[in-house]
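For reference, the structure discussed in these notes is given below.
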Amino acid sequence: MALQSTAKIERNPIALLFGQFMFLCRMVLLIAILLGCLLLHAIWRLFRQQSPWPRLFLGAVAWTCGIVPKRVGKRITTNVFYASNHISWVDIPTMAGVTGCTFIAKGTLDEVPLIGWLCRLNNTIFVARDDKLGVGRQIDMIREALDGHQPVTIFPEGTTHDAQSLLPFKPSLFQVLAPPPRPMMVQPVFLTYGTKTPHVAWLGDEPALANFWRLLSRIKPIEARLHFLEPFDPEHIGDRKAISAEVRLRIGTSLESGGRHGLHV
């Protein structure tokens, strides 16, 4: 997170008081949803059934935060690898709630109390982006995940930003698709919160709790548009750098056109 947040929260005292009330109510609701989903997840696992509750929990987190997801374009549901731009931590529950995917995330997230444990329940793949010597092992982990029942999502920018443009992509983890472990399509996703993006974006040195507070204390809901763009077969593209460049081109073109270009229909 390299930039300073552009979000400005200007409220009169009544609106501020109501925002505090909204934050409290949403926190209580989040705790209740967490406990309920953990109980149901344990029951599903007790009977060795595939549990839908991590996905449902993440979708409920986005909804509780006031995020209303809207899917644009045709989403591939099987044998797919998603790649999306990255604006905020809430991209994760929003994307998971819509697609049921797991994620490739920074290894440091695994060390965060409670958050790391919840991520593991959704089969998150933790990688150390600075561990050049461990890239091969990380690729093997992703390849193993691709053989599972969940689609995998990567945020190739590697950090959040204001979505005014795209940051350089990190191509190393696209190596798993050159070639893919089995027939598979790559589907780029352009995610935007429209005019409310500055209120959602997690930028610069803003503490995570401050961004969390801003979202949960907001009174009006925010629409998140997930533009599912035209997919492609990575075997027809080339190496990891070419795959990364193709994803970036498609998301960048959609960003420049306001989401009107490159949809999968």
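The values are calculated or read from the model by the stated rules, or taken from the named source; none is laboratory data. Remember, predicted model here, so these are calculated numbers, not experimental data. Here the Cβ positions follow ideal geometry from the backbone for every residue, glycine too, while neighbour counts run over all protein chains shown.
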Which residue, of Phe57, Phe103, is among the aromatic types (Phe, Trp, Tyr), buried (at least 20 other Cβ atoms within 10 Å of the Cβ), in a helix (DSSP H, G or I) and touching a residue at least 24 places away in the same chain (Cβ under 8 Å)?
Phe57
Among the residues of segment 35-54, write down those that are without any contact (Cβ under 8 Å) to a residue 40 or more places away in the chain and in a helix (DSSP H, G or I).
Leu35, Gly36, Cys37, Leu38, Leu39, Leu40, Ala42, Ile43, Trp44, Arg45, Leu46, Trp53
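Yes or no: segment 199-218 includes at least one residue that is hydroxyl-bearing (Ser, Thr, Tyr), modelled with pLDDT of 90 or more and either within 19 Å of Glu157 (Cβ to Cβ) or within 16 Å of the chain's Cα centre (by Cα) (or both).
No.
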I'm told Lys74 meets every condition in (1) assigned to a loop (DSSP other than H, G, I, E, B); (2) among the charged types (D, E, K, R); (3) without any contact (Cβ under 8 Å) to a residue 24 or more places away in the chain except one. Can you identify the failing condition by its number?
(3)
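Keeping to segment 212-236, report how many residues are in a loop (DSSP other than H, G, I, E, B) and among the hydrophobic types (A, V, I, L, M, F, W, C). If you could, list the steps in order and put the result at the bottom.
Restricting attention to segment 212-236, the residues satisfying the condition of being in a loop (DSSP other than H, G, I, E, B) are 217-221, 230-231, 233.
Checking the rest, the ones that are also among the hydrophobic types (A, V, I, L, M, F, W, C) come to 219.
Residues flagged as in a loop (DSSP other than H, G, I, E, B) and among the hydrophobic types (A, V, I, L, M, F, W, C) within segment 212-236 amount to 1.
Conditions (1) closer than 30 Å to Asp233 by Cβ; (2) aromatic (Phe, Trp, Tyr); (3) out of contact with any Lys or Arg (no Cβ under 6 Å at 6 or more places or on another chain); (4) modelled with pLDDT of 95 or more, marked per residue:
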residue	(1), (2), (3), (4)
Val68	no, no, yes, yes
Ser84	yes, no, yes, yes
Ser88	no, no, yes, no
Met95	yes, no, yes, yes
Asp140	yes, no, yes, no
Subset of segment 68-106 [aromatic (Phe, Trp, Tyr) and more than 18 Å from Glu230 (Cβ to Cβ)]:
Trp89, Phe103
Please verify whether Thr124 is within 14 Å of Ile92 (Cα to Cα), among the hydroxyl-bearing types (Ser, Thr, Tyr) and at pLDDT below 90, treating the condition exactly as stated.
no
Could you check segment 219-265 and list, in sequence order, the residues that are touching a residue at least 40 places away in the same chain (Cβ under 8 Å), surrounded by fewer than 20 Cβ atoms within 10 Å (Cβ to Cβ), of a type in the set (Lys, Arg) and over 20 Å from Asn79 (Cα atoms)?
Lys220, Arg225, Lys241
From the list Thr64, Thr160, which residue is of a type in the set (Ser, Thr, Tyr), within 12 Å of the chain's Cα centre (by Cα) and surrounded by 14 or more Cβ atoms within 10 Å (Cβ to Cβ)?
Thr160
Show the residue pairs that are 6+ apart or on different chains and have beta-carbon atoms under 9 Å apart, the first residue being within segment 192-207 and on the phi > 0 side of the Ramachandran plot, the second being at pLDDT below 90 and among the polar types (S, T, N, Q).
Gly204/Gln4; Gly204/Ser5
Given the residues Ala32, Ala128, which is the only one that is surrounded by fewer than 16 Cβ atoms within 10 Å (Cβ to Cβ), hydrophobic (A, V, I, L, M, F, W, C) and touching a residue at least 12 places away in the same chain (Cβ under 8 Å)?
Ala128
Would you confirm, using the coordinates I've provided, whether Phe174 is part of a helix (DSSP H, G or I), modelled with pLDDT of 90 or more, out of contact with any Leu (no Cβ under 8 Å at 6 or more places or on another chain) and under 24 Å from Phe232 (Cβ atoms)?
yes
